[in-house]
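Where a number appears in this text, it was derived from the coordinates with a stated rule and is not lab data. Remember, it's a predicted structure, so these values are computed and weren't measured experimentally. Note: ideal-geometry Cβ built from the backbone for every residue, glycine included; neighbour counts use all protein chains shown.
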Amino acid sequence: MTIVMIVNDQRHLPRCGCSITLSTVGEELLPLIIHVKNLVKRYGELVALDHLSLDIKEGEIFGLLGPNGSGKSTAINCILSLLSYDKGEVEIFGRKMAPDAYDIKRDIGIVMQNVAVFDELTVYENIDYFCGLYVRNKAERKRLVEEAIAFVELDDFRKFYPKKLSGGLLRRLNIACGIAHKPKLIILDEPTVAVDPQSRNKILEGIERLNAQGATIVYTSHYMEEVEQLCSRIVIIDKGRVIASGTNEELKAMITLGEKITIEAFSIDAEQLRQMRELPGIVSVEHIDKRLIIKSGKGTNNLETVLDFLKTHQIGFGRIYSELPTLNDVFLEITGKQLRD
Amino acid sequence: MFTHIFIYRFKCLIRDRQLVFWTLLFPILLGTFFYMAFSNLNNEETFKPIDAAVVNDSAYQQDSQLRMVMQSVSKGKDRLFNLKTASNQAEADNWLKQDKIDGYYTSGEEIKLTVKETGISQSIMKSFVDQYRTSSSAVTNIAKKNPKALQNGLLKDVGEQRSYTKEVSGGSAEPNNVLNYFYSLIAMACLYGSFWGMKEVTDIQADITDRAARVNMAPVHKLEAFLAGSCAALIILFVEIMILLAYLQFGLNISFGQRTGYVLLTALIGSVLGISFGAFIGAVIKAGEGLKIACLIVVTNLGSFLAGMMYMNMKYLIATYVPPLAWLNPVNLLTDAFYALYYYDSLHRYALNMGMMVLFIIFFCAGTYLIVRRRKYASI
């Protein structure tokens, strides 16, 4: 259910002080930070966004998940009024978004997919420059820049030029430039692409801290593990359309898969394979490259059954492990293709 | 906000070493090479007396008219010959072999010119003797038919040279073809400032760079950001052109005439022209940065060539055979404005060049504005 009401609680009001659409999450009423309705964007014959609708609530880490080319960045650019669109409505903080909606822009921080900093400016100067586009007061700006540098742990590199930074440090600088002015809404467009695991973890931890400090996060990625780890609510899009949405658990509950068992170094004949497929609770059995991948339905623990079958038929095997379904499995079941295709 | 953006754009631009090289150091280096290559060009054009000799034999002694003429053209500052008198032909031959003279005359029924090789000096010596023969023959014929003519000043009339074309000087300065090389060099430096203009547009168009997209997302009017950046670019370019002018004037002694104020105004307009041209190309061409840079280099260098920077006569060939091209070439307009200031007393030609440049600036700025003002992009 979605209702519209005027909020009197000033803590939740954006600086523009306009009306806010509220939405229920369980028992809780939360203001909508972003409201997108029937967004259509075409590039000639190609429909990049096909009646895309999204509602993003205050305080959540919202994940926009989809394979490369699914329309994630296009959606973000349309929402931010950087890209023109053919049809639809976009509201941010309850107000229509437009290129000259400076009151709205003042409360938005954007972290681009590619590193968007100036090679001729040092780390400190880059952050100060972008922060200065939002904050006029010099003393306040200085404080915010120092906080941003500390936040991304670039204190030892403040006088470095971007070319002297590693990929991970560059990504952190990119984030600092987007968040230094303490925005209420932070949009991160695949901020961990081509980043080493250590830097990735730092970035993800940082995003969680930003959220804990009160920022609403919109996080786009094609890395399902990140989205699973980070996001309180997830929308999966493909070909510009929303194909599923909900929490991590809600999404996984949508599919029939309950467990995936993989058995390595495996040798089995066709008759045994047929018999295994007929075991109770088994959804599918695939024999690929000396590996047996067994998918079972929900609510049944088939690992024991499978092991019994292997012992009874004296079938030798190597490593064996069981996995719970991932968002990739959700995507696979809905679209019939891998998320990373 | 304007000041904040201006300061940081200034830092960004001035720290771009590649741009500083091409817009400041490269023209200075090129100017130095020009100076080394062309410094003697004007000196070579001034006439030097020809080293000539005459064989002082009996025939020469008897030909008083020739002796008188030879003496008269071998005297004074503007003399035609550095004339030596050889006692005999062998001595004259010896001088000729040793390259002490370019040729020698021997008197007789016909005056004979002996040279070792062909060249400008030898041609002049031949022309001189031909003219002498013609005049001498004319006097003899007239005197035979009309002896009284000699008394009526025939010799004076024949000796008198009249020119039937009148040379009108356009200004008080000495014509100096070499200056055109240096003026076109300054014009090229101004147009190289287009790189600064292109950089400004690149960093403001969200469909070109991610940095620009980030700037577009800030609560700043795009044109305010663009103007602040362009002002920073203009100041840097103008200072660079000032440094170049100072180096040319005080380091290489290149004259810019007496009208310093107008020279500075021309440099300023040239800088604005360069920046606006670069911004226009940056905005109009949607392809990659490489293509934009290539376009700027081609237009600037081709314009410099047509303005006579590599081949001096090209400027005059264009003005003669394709005059519209001369008016459509910004490098030529700037070059010509500097030369008009140096050479002409009147400001008419200068004003025409400046007017055309201002029109170009208006065109480039309007075009850039129409493209840059777009608030949303069709694709990023």
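Worth pointing out:
- For chain A, no complete DSSP H run has alpha carbons reaching 30 Å or more along its own long axis together with a mean Kyte-Doolittle score of 1.6 or higher.
- Neighbour-count order for B:15, A:319, fewest beta carbons within 10 angstrom listed first: A:319, B:15
- Under the shape rule built on the C-alpha gyration tensor, where the axes satisfy a ≥ b ≥ c, segment A:148-210 is oblate, since a/c reaches at least 1.5 while a/b does not exceed b/c.
- Projecting label points 7 angstrom from Cα along Cα→Cβ for residue B:47 and residue B:302 puts them 4.3 nm apart.
- Taking every Cα-Cα distance in chain A and sorting them into 20 Å bins from zero, the calculated P(r) comes out as 27, 48, 21, 3 percent.
- Dividing the Cα radius of gyration of chain B by its Kirkwood radius returns 1.23 for Rg/Rh.
- Approximate spin-label separation residue B:138-residue A:279, in nm, with each point projected 7 Å along Cα-to-Cβ: 12.7
- The protein assembly as shown: antiparallel DSSP beta bridges as a percent of all, rounded to 5: 65
- FRET efficiency, 1/(1 + (r/R0)^6) with R0 30 Å, evaluated for residue A:334 and residue B:223 via beta carbons: 0.05
- Of the cross-linked pairs B:11/B:199; B:11/B:222; A:142/B:222; A:72/B:286; A:252/A:311, those separated by over 21 Å at the C-alpha level are A:142/B:222; A:72/B:286; A:252/A:311.
- For residue B:293 and residue B:235, the difference between the fully extended length at 0.36 nm per residue and the C-alpha to C-alpha distance is 18.8 nm.
- Three-way shape call for segment A:256-324 based on the alpha-carbon gyration tensor, with the a/c threshold at 1.5: prolate
- Relative contact order %, chain B, counting alpha carbon pairs below 8 Å whose residues are six or more apart: 20
- Of B:182, B:26, B:2, the sequence from fewest to most neighbouring Cβ atoms within 10 angstrom is B:2, B:26, B:182.
- Calculated mean residue ellipticity at 222 nm for chain A: -9000 deg cm²/dmol, from DSSP H runs with n ≥ 4 weighted as -39500 (n - 2.57), summed, divided by the residue count and rounded to 500.
- In this structure, residue B:146 and residue B:320 have a Cβ-Cβ separation that, at R0 = 56 Å, corresponds to a calculated FRET efficiency of about 0.70.
- Using a Förster distance of 56 Å, the FRET efficiency for residue B:311-residue A:87 (Cβ separation, nearest 0.05): 0.40
- Exposure rule at most 16 other beta-carbon atoms within 10 Å, DSSP loop GluC sites (Glu not before Pro): chain B longest free segment: B:168-380
- Sequence of B:202, B:300, A:247, A:256 once ranked by neighbouring C-beta atoms within 10 Å, starting from the fewest: A:256, A:247, B:202, B:300
- Set of segment A:176-202 residues, backbone N closer than 11 Å to the point 7 Å along the Cα-Cβ line of residue A:208: A:201-202
- Fluctuation leader among B:36, B:188, B:312 - chain B, Gaussian network, Cα springs under 10 angstrom: B:36
- Taking label points 7 Å from Cα along the Cα-to-Cβ direction, residue A:140 and residue A:40 give a separation of 4.3 nm.
- Residue-span extension gain [residue B:250 to residue B:62] - 0.36 nm each, minus C-alpha spacing: 61.8 nm
- Nearest 10 degrees, 0 to 90: helix B:289-306 Cα axis against chain B principal axis: 20
- Comparing A:331, A:151, A:160 in a Gaussian network model of chain A where C-alpha atoms under 10 Å apart are linked, the largest mean-square fluctuation is found at A:160.
- Helix axis angle, B:260-284 relative to chain B longest principal axis, alpha carbon, degrees: 50
- Tensor-based shape of segment A:86-204 (alpha-carbon gyration tensor, a/c under 1.5 rounded, otherwise prolate or oblate): oblate
- Helix B:179-192 axis, angle to chain B major axis (alpha carbon atoms, nearest 10°): 10
- Among B:267, B:218, B:138: highest mean-square fluctuation, GNM of chain B, C-alpha pairs under 10 Å: B:138
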